[in-house]
1. Has the range 22-31 got at least one residue that is among the aromatic types (Phe, Trp, Tyr) and in a strand (DSSP E or B)?
2. Restricting attention to the range 70-105, report how many residues are buried (at least 19 other Cβ atoms within 10 Å of the Cβ), farther than 25 Å from Gln6 by Cα and touching a helix residue (DSSP H, G or I) at 6+ places or on another chain (Cβ under 7 Å).
3. Looking only at the range 64-88, count how many residues are modelled with pLDDT of 95 or more and at positive phi.
4. Looking at (1) over 30 Å from Glu81 (Cα atoms); (2) at pLDDT 85 or above; (3) surrounded by 12 or more Cβ atoms within 10 Å (Cβ to Cβ), find the lone condition where Ser155 falls short.
5. For the subset of the range 30-63 comprising residues that are more than 22 Å from Met18 (Cα to Cα) and charged (D, E, K, R), which member is modelled with the highest pLDDT?
Amino acid sequence: MQNIAQIAHALVKAQSEMSNAVKGSANPFFKSKYADLNSIREAVLPVLNAHGISVLQPTCSIDGKNYVKTILLHESGEFLESYTEVLFAKQNDAQAQGSGISYARRYGLQSFVCIGADDDDGNKANEKPKQKLNPPLPAPIPIMTDEQFNKAIGSDLDTISKFLNAISNGKLKATDGQKTILQDQLHLLSIKE
């Protein structure tokens, strides 16, 4: 087993200085943003290099499967390596294979140095979803009590008119019988005047 003391020490220092990659590329299919390979490289390579670590990502084939081998190589000669399988949908399609290699390089490097990706518009992924506010419920319409009804019947023309206006404007509920009696009382009082 190889000695990794120097690269481990350098990697700890480098990781403490790294920041997440920026999600600056758009995926129109999923209507989302992602950190592309260049963004990952911009986030990690300068810091790794400052601590004597270079990154190599050759492709290789193991048991008939294609991989990107990510190697962190320290100036001491110590190294760490990781394999990420290259996946692509169409065989014998250079563009599909190229996309698969880029994908494997991006995720291989990002996971190997343990960085995430931040939204470039303020970390939207961490925002709590805004709650949709329901419109306020209308205030319940009061129901005419027996006390109010008796007061209205024994009162003057103006008071009965106010009760009937409140009922017709939907500000007070009354039974059909109460409404009819109030209308009759209003009619009788208006004849007397």
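The values are calculated or read from the model by the stated rules, or taken from the named source; none is laboratory data. Since the structure is predicted, the reported quantities are computational estimates derived from the model, not experimental observations. Here the Cβ positions follow ideal geometry from the backbone for every residue, glycine too, while neighbour counts run over all protein chains shown.
1. In the first step, residues of the range 22-31 are kept if they are among the aromatic types (Phe, Trp, Tyr); the result is 29-30.
Keeping just the survivors that are in a strand (DSSP E or B) gives none.
Looking through the range 22-31, none of the residues is among the aromatic types (Phe, Trp, Tyr) and in a strand (DSSP E or B).
2. Adding up the residues that qualify gives 1.
3. Count: 1.
4. (2)
5. We begin by selecting, within the range 30-63, every residue more than 22 Å from Met18 (Cα to Cα); these are 30-32, 58-63.
Cutting the leftovers down to charged (D, E, K, R) gives us 31, 63.
Working: Lys31: 77, Asp63: 95.
Once the filter is applied, the top-ranked residue is Asp63.
Yes/no per residue for (1) more than 18 Å from Gly100 (Cα to Cα); (2) touching a helix residue (DSSP H, G or I) at 6+ places or on another chain (Cβ under 8 Å); (3) basic (Lys, Arg); (4) in contact (Cβ under 8 Å) with a residue 24 or more places away in the chain:
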position	(1), (2), (3), (4)
Asp36	no, yes, no, yes
Ser39	no, no, no, yes
Val44	yes, yes, no, yes
Val68	no, yes, no, yes
